[in-house]
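A.B. asks: Sharing a structure here in structure tokens format.
The values are calculated or read from the model by the stated rules, or taken from the named source; none is laboratory data. Computed from a prediction, not measured in an experiment: that's the story for all the values here. Here the Cβ positions follow ideal geometry from the backbone for every residue, glycine too, while neighbour counts run over all protein chains shown. For accessibility, only protein heavy atoms count, side chains too; no ligands or nucleic acids. Shrake-Rupley method; radii C 1.70, N 1.55, O 1.52, S 1.80 Å.
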Amino acid sequence: MDYKRLIIRGISYSQTQSGAYALLLEHEETKVKLPVVIGNFEAQSISLGLEKDIHPPRPLTHDLFAKFVSITNYELVSVIIYQIIDGVFFSNINFKNKANNEELIMDARTSDAVAMAVRFDAPIYTTPQVLNEAGILLELEEPAQQDSDSEQISAEGDLASLTLQDLQKLLEEAVKDEDFDAAMELQQEIKKRNKKIE
């Protein structure tokens, strides 16, 4: 089948469903977006999987399963979002045994599949049918991007007055308290400053 590769464009708080988040996937070539509604835990887990420098004090469920997969000599090869029924996406996680090349396919919720894919840097694919049925093309991207940038700058204005040492302490506290949203924001500020130093 002609699978279409998707990349993660971001995670945002869902405006339509309270307590939910929207995972935005994008087809690399056509820029068609595939929004997937996910829960709070999965949103945090995907964010942490993308942010390789932040490690929670205790392993999350996806970290635990990723470690189990590695210990059993398997690797996660790919994730395929293969269909959508009544607004629900269905996905497979494709594993391969490193010793004998045996393949293993597991059914999974799309949010869990993506959370695992980011931990293995595995590609995420979908079918042309899913893209046609659920994909959207956002043409008015520039103004929205500028708005989010200006919000980010104003939010970072508070962090700008802190020293690098203070930011590092706050980051450690946020990770200990499992406040991963704050941890991500602090991590970005620290990275930005370290780039300036280099």
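A.B. asks: Leaving out ligands, DNA and RNA, and with a 1.4 Å probe, what % of the accessible surface on segment 1-68 is carbon or sulfur? If you can, show how the numbers build up before the last one.
C.D. replies: On the way: 2110 of 3940 Å².
It is 54 percent, rounded to a whole number.
A.B. asks: So what does the Cα-only Debye profile of segment 80-128 read at q = 0.23, 0.29, 0.31 Å⁻¹, as log10 I(q)/I(0), no solvent term?
C.D. replies: -0.85, -1.14, -1.21
A.B. asks: Can you pull the one-decimal nm distance between simple spin-label points at ASP121 and SER161, each 7 Å off the Cα toward Cβ?
C.D. replies: Once both label points are built, they end up 4.0 nm from each other.
A.B. asks: Follow-up question, since we're still on this one. Roughly how many Å is it from the Cα centre of segment 93-112 to that of segment 26-74, as a whole number?
C.D. replies: Each part reduced to its Cα centre gives a spacing of 15 Å.
A.B. asks: What nm distance separates the two modelled labels at GLU172 and TYR13, each placed 7 Å from Cα along Cα→Cβ?
C.D. replies: Those two pseudo-labels are separated by 3.0 nm.
A.B. asks: Work out the FRET efficiency for GLU29 and ASP107 from their Cβ-Cβ distance, taking R0 = 30 Å, and round it to the nearest 0.05. Mind dumping the intermediate values first?
C.D. replies: On the way: r = 27 Å, r/R0 = 0.92.
Here the calculated transfer efficiency is 0.65.
A.B. asks: Need the list of lysines near LYS192 for cross-linking: C-alpha distance under 29 angstrom, and skip anything on the same chain fewer than eight residues off.
C.D. replies: LYS31, LYS33, LYS52, LYS169, LYS176
A.B. asks: Kindly give the semi-axes, whole Å and largest first, of the ellipsoid equivalent to segment 6-95, taking each as the square root of 5 times a Cα gyration tensor eigenvalue.
C.D. replies: Details: eigenvalues 110, 65, 35 Å².
They are 23, 18, 13 Å, listed from largest to smallest.
A.B. asks: Run the paramagnetic zone check for ALA99: 7 angstrom along Cα to Cβ, then residues of segment 65-89 with backbone nitrogen under 12 Å.
C.D. replies: Only 71-74 pass the distance filter.
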